[in-house]
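Here is the structure we will look at.
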């Protein structure tokens, strides 16, 4: 399946985000690729996570902005991304949705959500489950563009009671993407109660 999911955002929303991202020294194309992958995962795994479709747009914005913290500091950029996003007023998104977006960006790398963390602890149980569902997808999508080279061209998910198999395709070598899945899959496996593996070929 070609990696070209339909955006959940309006043209004006995409332009607003693009102008913000382009104002900073960050890899905007990597974030667009991660958004494409994240949306494909959301769509193909909807039977597992069951999140309302309004969260598709929330995930898309989180993917498009998850690395904005690089403009402040590389080492802790996930936390800086959270803080920068919290200060934004994204057109069409409520304060609550912006907080979810910020939380997703914060957890795209390093530690997973913990009730001892500021912001995450303020959400109710349902919202925390949504953050787990979507955050695991965003982290996996980031791993699937680990080298920031937009190599992945196709993605299909095979789901069974015990595992999810990601079938990947590209005209180029996918060694980095396969390694990215291995590095980023643990949260997904805990949240979705299935082992995750990747293989090349649709």
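Rule-based calculations on the coordinates, nothing more; no lab input. What you see is a predicted model, and the numbers here were worked out from it, not measured in a lab. Using ideal geometry, Cβ is built from the backbone for each residue, glycine included, and neighbour counts are taken over all protein chains shown.
Dividing the summed helix terms, -39500 (n - 2.57) for each DSSP H run of n ≥ 4, by the number of residues in the chain produces a 222 nm estimate of -16500 deg cm²/dmol to the nearest 500. In this structure, residue 86 and residue 4 have a Cβ-Cβ separation that, at R0 = 35 Å, corresponds to a calculated FRET efficiency of about 0.70.
Per-residue packing, averaged as other Cβ atoms within 10 Å, sorts the ranges 27-39, 63-75, 147-159 into the order 27-39, 63-75, 147-159, beginning with the highest.
Expressed in Å, the radius of gyration and Dmax of the Cα atoms of segment 11-145 are 13.5, 38. Stretched out straight at 0.36 nm per residue, the stretch from residue 124 to residue 186 would grow longer than its current Cα-Cα span by 20.0 nm.
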